[in-house]
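> Below are the structure tokens for one structure; questions will follow.
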Amino acid sequence: MRNPRRSYNGDGTMVQPATVGSQKALGLSRAEIWCSECHHNAEISTEGMPDDLAIPDICLRYRCSKCGSKRLESRPSVAEHYEKLAEQTGKKHSMT
């Protein structure tokens, strides 16, 4: 049975997800959590979380602060990614 919080390649093999530790190695320390019910989202710090915790599994620890749903999805912070790119290149990057 496929895990809905995982990606799969063309032959059906699960792709290993990013972890708190792999993101930390890139200098990143935030994640986004999105509610599938009300579309509320929040950015959280991954500081203090175990290095082997998969980013898609962070949402299992939370409940939506707006509607109370546990139908959440998590991913690395897109805003932090762009901030890091700007830092590295000296160029401002936009999410739009």
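> Let me spell it out: the conditions are (1) more than 17 Å from Asn3 (Cα to Cα); (2) surrounded by fewer than 17 Cβ atoms within 10 Å (Cβ to Cβ), and Thr46 meets all of them except one. Which number is the exception?
Of (1) more than 17 Å from Asn3 (Cα to Cα); (2) surrounded by fewer than 17 Cβ atoms within 10 Å (Cβ to Cβ), only one is false for Thr46: (2).
> Follow-up. Any chance region 19-27 includes a residue that's touching a Leu at 6+ places or on another chain (Cβ under 6 Å), aliphatic (A, V, I, L, M) and not in a strand (DSSP E or B)?
yes
> Tell me which residues, restricted to region 71-93, are in a strand (DSSP E or B) and hydrophobic (A, V, I, L, M, F, W, C).
Leu72, the sole residue that qualifies.
> With the structure loaded, tell me whether Glu73 is open to solvent by 80 Å² or more (accessible area, probe 1.4 Å) and under 20 Å from Val15 (Cα atoms) or whether it fails that test.
Criteria met by Glu73.
> So is Gln88 farther than 25 Å from Asn3 by Cα, open to solvent by 40 Å² or more (accessible area, probe 1.4 Å) and either in contact with a strand residue (DSSP E or B) (Cβ under 7 Å, 6 or more places away or on another chain) or without any contact (Cβ under 8 Å) to a residue 24 or more places away in the chain (or both) or not?
yes
> Same structure again: Taking the condition of being closer than 27 Å to Gln88 by Cα and not aliphatic (A, V, I, L, M), how many residues in region 25-40 meet it?
4
> Do we have any residue at all in region 54-62 that's open to solvent by 70 Å² or more (accessible area, probe 1.4 Å) and over 14 Å from the mean Cα position of the chain (by Cα)?
So far as region 54-62 goes, no, none of its residues is open to solvent by 70 Å² or more (accessible area, probe 1.4 Å) and over 14 Å from the mean Cα position of the chain (by Cα).
The values are calculated or read from the model by the stated rules, or taken from the named source; none is laboratory data. Note that this is a predicted model, so its numbers are computed, not measured. Backbone-built Cβ (ideal geometry, glycine too); neighbour counts: all protein chains shown. Surface accessibility is based on the protein's heavy atoms, side chains included, excluding ligands, DNA and RNA. Shrake-Rupley method; radii C 1.70, N 1.55, O 1.52, S 1.80 Å.
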